[in-house]
1. Run the numbers for Arg114 and Ile185: contour at 0.36 nm per residue of separation, minus the present Cα-Cα distance, in nm.
2. Suppose every Lys and Arg Cβ carries +1 and every Asp and Glu Cβ carries -1, with no other charges. What dipole size does the chain come out with about its Cα centre, to the nearest 20 debye?
3. Can you give me the % of accessible surface on the chain that is carbon or sulfur? Probe 1.4 Å, all protein chains present, nothing else counted.
4. Find out how many positive minus negative residues lie around Ile191, taking Lys and Arg as positive, Asp and Glu as negative, among other residues whose Cβ is under 14 Å from that of Ile191.
5. Using unit Cβ charges (K, R positive; D, E negative) and no other charged atoms, how large, in debye to the nearest 20, is the dipole of region 97-217 about its Cα centre?
6. Once all Cα-Cα distances of region 134-241 are split into 10 Å bins that start at 0, what whole-number percent is in each one?
7. Each label point is 7 Å from the Cα along the Cα-to-Cβ direction; what then is the distance between the points at Leu89 and Ile8, in nm?
8. Using a 7 Å offset from the Cα along the Cα-to-Cβ direction at both Leu209 and Leu176, what is the distance between the two label points in nm, to one decimal?
Amino acid sequence: MNWPFIWIIITLGALVQGCIGIGLSLVAVPFLVLSHPELVPVPLMLAAFPLTLLTWFRERKAVHFPDMGWAVLGRVVGSAVGAWILIQLPKAWLEPTFGGMILLACGMSLLGPRFTPNRVNLVMAGVASGIMGTTIATGGPAMALVFQHIEGPRLRASMAVFLSLGILPSILFLWLAGRLGTEEIVTGVWIIPAVLCGFLLSTHVKPILDKYQMIRPIILIICCAGGLALLRQTVLNVIFE
């Protein structure tokens, strides 16, 4: 493996997530799927767990727990569905499908009614997050789009709590599906230092983003970029076939 390349990509992704609540998977997955597909989804998900816990601790004063119960319930259901999908469907179908879903959600956010973190939206976003997180390690966008209009500290805190609790059922269902073993655990541990480095850098960057109210535009840009990246390979295949 090209560990310097992997660590740089993971550090950048962790920096983004530490600032806006999501980003590790959206930054890392498009590169890793092409160069090191064995890192997706399990090792990347394992490495993301300490990042979400650290962010939760850092932003603990802004946590709004009433949001979390419905979101995590949806995530558990979505994780079970995602594990089943991972077994049943070819991986080639997963990325374009979820890439299109992310772009559709971004378009709705820009042109449609404002998303609010109410019970129905939280459950639906939780289910979508569970499915996408378990299949392609990209579970953040669905929930981040629901939370995009709230202030930076609460957004980061909500996403950190949701992802911390949501990763656990994803890992459980991946283990039950036979996708989690010693090799995946060891690989995940190897990329944790890069995650920690990105988190430390984010502590210095996030106050700037909060001050200038840049979190929502960055979330939309990151989500759109992630959706396009997931669609990229499918588009290239159509063009060159």
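1. 21.6 nm
2. Working: 14 positive and 9 negative charges, 134 e Å.
Dipole of the chain, to the nearest 20 debye: 640 debye.
3. 73 percent
4. -3
5. Details: 8 positive and 4 negative charges, 82 e Å.
That gives region 97-217 a dipole magnitude of about 400 debye.
6. For region 134-241, the binned pair fractions read 11, 32, 36, 19, 3 percent.
7. According to this spin-label approximation, the distance is 3.4 nm.
8. 3.4 nm
The values are calculated or read from the model by the stated rules, or taken from the named source; none is laboratory data. Predicted model only: the values in this text are computed from it and were never measured. For neighbour counting, all protein chains shown are included, and Cβ atoms are generated from backbone atoms with ideal geometry for every residue, glycine included. Quick note on the areas: whole protein, heavy atoms, side chains included, nothing else; ligands and nucleic acids left out. Shrake-Rupley method; radii C 1.70, N 1.55, O 1.52, S 1.80 Å.
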